[in-house]
Amino acid sequence: MKSRVETLTPPNTPNPIGPYSHIAKVGEHIWIGGTAGVDPATGQLAGTDIGAQTRQILKSFIVMLEAVGSRPQRMSRTSISSCSTCPTSRR
């Protein structure tokens, strides 16, 4: 039997920049991707430095994990990349 892929972009998270969902869940496995350091309340970058934007990404991760019934303590891997040429860096 094949597992069903569930996708979700929860409220109180930044809108995706592209045509995708922030979360993909298959069984007990969850993937979060394409999250920028954008404050969902304003739609703007959360601060001018990488620290403030990284904190916003982690806040969004928590909201996303909770939206699918998980929590940060269950994460096995996290990667956050810096990109000076990404669409959000030009806002």
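The values are calculated or read from the model by the stated rules, or taken from the named source; none is laboratory data. Values in this document were obtained by computation on a predicted structure and should not be read as measured data. No Cβ is skipped: glycine too gets one built from the backbone with ideal geometry, and neighbour counts run over all protein chains shown.
At a glance:
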| read-out | value |
| --- | --- |
| Selection count, region 66-82, where residues are under 17 Å from His29 (Cβ atoms) and either among the aliphatic types (A, V, I, L, M) or surrounded by 11 or more Cβ atoms within 10 Å (Cβ to Cβ) (or both) | 6 |
| Residue check for Thr35: in contact with a His (Cβ under 7 Å, 6 or more places away or on another chain), surrounded by 12 or more Cβ atoms within 10 Å (Cβ to Cβ) and at negative phi | yes |
| Top-ranked residue of region 1-45 - restricted to ones that are over 14 Å from the mean Cα position of the chain (by Cα) and not in a loop (DSSP other than H, G, I, E, B), ranked as farthest from Phe61 (Cα to Cα) | Val5 |
| Among residues of region 64-91, those that are assigned to a loop (DSSP other than H, G, I, E, B), at pLDDT 70 or above and of a type in the set (Lys, Arg), counted | 2 |
| When residues of region 38-65 are limited to those that are in contact (Cβ under 8 Å) with a residue 24 or more places away in the chain and under 13 Å from Pro10 (Cβ atoms), the one surrounded by the fewest Cβ atoms within 10 Å (Cβ to Cβ) | Val63 |
| Breaking point among (1) within 19 Å of Tyr20 (Cα to Cα); (2) free of Cβ contacts under 8 Å to residues at least 40 places away in the same chain, for Ser76 | (1) |
| In region 14-58, residue modelled with the lowest pLDDT [restricted to those that are over 16 Å from Ser70 (Cα atoms) and of a type in the set (Val, Ile, Thr)] | Ile17 |
